[in-house]
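Take a look at the structure set out below.
The values are calculated or read from the model by the stated rules, or taken from the named source; none is laboratory data. In this text the structure is predicted, and so the values were computed from the model without any measurement. Glycine gets a Cβ as well: all are built from the backbone with ideal geometry, and neighbour counts include every protein chain shown.
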Amino acid sequence: MDRLNARVKLLIVDDEPQSVEELYEYLEDSNFICIPCYSSQDAIAIFQADPEIGLVLCDLNMPGLNGVGLVKELEQIAGDDHPFEAILLTGQGEQKDVVEAMRVGFADFYQKPVDMTQLLAALQRLELKLRSRLQRYQLMENLNQKLHYVASSVDELYREFNNAQKSTNKAPTNPAAEPQTQQLPLPPYFEMLSRRQLDVARLVGKGMTNYQIACELGITENTVKLYVSQVLRLTHMHNRTQLALALTPGKSGPGRVTTH
């Protein structure tokens, strides 16, 4: 159900039928969808069954569970999935209970006989407040779904990266399958290279990308680029294609590499 666009229903709870009827008629005429109720127990059952109830208007003094106890119960039932706002109606001499009511979670209270105009304005404000809460809840719900999708995607990419890295670093099971370029003597102009520069040059000769070389040697891709640039400069190669040809078996003889 799209709670954000659904009509907000108003639950009216009072053990005096006449009071319920008066409130029901006035508020229905004021464009509220009202549900009349005459006891706290019935109110709990109705609230549980209808997630569109977002406003509760209840009397303080009722047989059994009073208005404060009712809203306590509704708060436990509602949790985060069924937000609502409540207004308490009190009679003469019940002002001492208002502090407790506000502590429980009532948004406001009105003394009987109720000023209907003020009550209507208060309910309209609470409806806007409730819709704002629902909007924030919906935004958080959407954000959580997106974060879950991103986390799942990152996990998948991480697994693929690990598999690719293991595949790159996996030693050949057959020694005869080891590339012969490492066993062949290198051209003289490679003797000036450092060990690390030579490692990078050999991997370039295998046709590996900078990223693959970085994974192989455990260094950053930017460091690989720096080494490749040094190797090209020291060996007087124009590009990495020439470098790869110079390190390829059967293709490294004179005339395959142009030096200055």
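Go through Glu28, Glu73 for me and flag whichever is among the charged types (D, E, K, R), in a helix (DSSP H, G or I) and in contact with a Cys (Cβ under 8 Å, 6 or more places away or on another chain).
One residue alone meets the criteria, Glu28.
Within the stretch 182-201, work out how many residues are under 20 Å from Cys215 (Cα atoms) and either out of contact with any helix residue (DSSP H, G or I) (no Cβ under 7 Å at 6 or more places or on another chain) or modelled with pLDDT of 80 or more (or both).
8
Just one of Pro36, Pro83 is within 20 Å of Ala122 (Cβ to Cβ), in the same structural domain as Gln118 (by TED's automatic domain parsing) and modelled with pLDDT of 95 or more; which is it?
Answer to the check: Pro36.
Looking at (1) within 47 Å of the chain's Cα centre (by Cα); (2) at pLDDT 70 or above; (3) of a type in the set (Ser, Thr, Tyr), can you tell me which one Thr168 breaks?
Of the numbered conditions (1) within 47 Å of the chain's Cα centre (by Cα); (2) at pLDDT 70 or above; (3) of a type in the set (Ser, Thr, Tyr), the odd one out for Thr168 is (2).
Given (1) outside any helix (DSSP H, G or I); (2) at pLDDT 95 or above, where does Leu120 come up short, assuming only one miss?
(1)
I'd like to know if the stretch 113-120 contains one or more residues that are surrounded by 13 or more Cβ atoms within 10 Å (Cβ to Cβ) and within 40 Å of the chain's Cα centre (by Cα).
Yes, that holds for at least one residue.
Which of (1) more than 23 Å from Asn31 (Cβ to Cβ); (2) without any contact (Cβ under 8 Å) to a residue 40 or more places away in the chain does Gln118 not meet, given it meets every other one?
Only one criterion is unmet by Gln118, namely (1).
Which condition does Arg125 not pass, out of (1) at pLDDT below 70; (2) in the same structural domain as Glu28 (by TED's automatic domain parsing); (3) in a helix (DSSP H, G or I), if it passes all the others?
The number of the failed condition is (1).
Among the residues of the stretch 211-224, what is the count of those that are surrounded by fewer than 19 Cβ atoms within 10 Å (Cβ to Cβ) and without any contact (Cβ under 8 Å) to a residue 24 or more places away in the chain?
Of the residues in that region, 8 qualify.
Take the residues in the stretch 81-106 that are among the small types (Gly, Ala, Ser), surrounded by 14 or more Cβ atoms within 10 Å (Cβ to Cβ) and within 25 Å of Gln18 (Cβ to Cβ); name whichever of them is nearest to the chain's Cα centre (by Cα).
Going through the qualifying residues, I end up with Ala86.
Name the residue, out of Glu75, Glu28, that is over 26 Å from Thr117 (Cβ atoms) and either modelled with pLDDT of 95 or more or under 39 Å from the mean Cα position of the chain (by Cα) (or both).
On inspection, the qualifying residue turns out to be Glu75.
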